[in-house]
Every structure is written in C-alpha cells, then in structure tokens.
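Right, one structure below, let's go through it.
Coordinate-derived values only; no laboratory data. Just so we're clear, the structure is a prediction, and the values are computed from it rather than from any experiment.
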Amino acid sequence: MTARAAVLLIALAATAARPAVAQTAVSALPPPPGLLVVPFENPQHDPRSYWLGEAAAILLTEDLNARGINAIPRAARVQAFDQLHLPLAASLSRATVIKVGQIVGASRVIVGDLEFEGDTLIVRATPIRLDVG
C-alpha cells in the first residue's frame, strides 16, 4: 500500500464517522468548526518514515477539504505550534494536541502513527473530539 493510498483510507474513515447534514440554501450560516490533522507519529523512529508524518497530515487535510469537510490548513497549525513554542517535529502529549486544537478552533483532531513492518507501511489514525477529550 502506498503512502497516498493509506492517507486516502484515513480520509474515508474520518468522513464515514461524520453524521449526515442536510444541505440548506442559506449561505449566511457560519462554517462548522474545523477538523485539525496533526503530523502522524513515528514510534519506531525509522528514518524512512520520518517525513511521512508531516506528509500524511498535509495530504489528509487536503483530501478532507476536497470532500467539503472544514479541515484546518497547515499554516494555522504551524501558527498554533509557534504560539505554544512547540517544535514542528515534536511528539505531542494528548493534552498538548487538545490545546493546539483549541487554539485553531477545531472541534476534532486526528492523531495517528505510522510504521514499517518489512516493506509494509502501517498507518493508524484516531479522532479526538475536543468537547469530550
């Protein structure tokens, strides 16, 4: 499975859990709170997959936005990391992920990890609802 295919599977899983919303003709409604995707962790610290964590976050964000889901762009995430004085490549605690999500106005955050088993890339993603933690 390629990295792009794995990210697309995550995007489909994230959208499948989203309840259906009736379409309205009223354009004055504010956009729904956003979904933040943070870079995926690399628990094995495998140098082959280090760059994939950020790439997974960027690709998943783009794919969610293309599907009409209000995913928060990388620039807003980077700005929140700066505000909290976090390095972009940091491993974040759950509390820190929630704080970053609150700063950017997200209602949910997608966290995940990726690793290689031989030549197979394994990607796991988990949504966190910020209203319940």
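Counting 0.36 nm for each residue step from LEU88 to ILE122 and taking away their Cα separation leaves a gain of 10.0 nm. So what is the diffusion coefficient of region 71-121 in µm² per second by Stokes-Einstein at 10 °C and 1.306 mPa s, using a Kirkwood Rh over Cα pairs? Translational D for this selection: 130 µm²/s.
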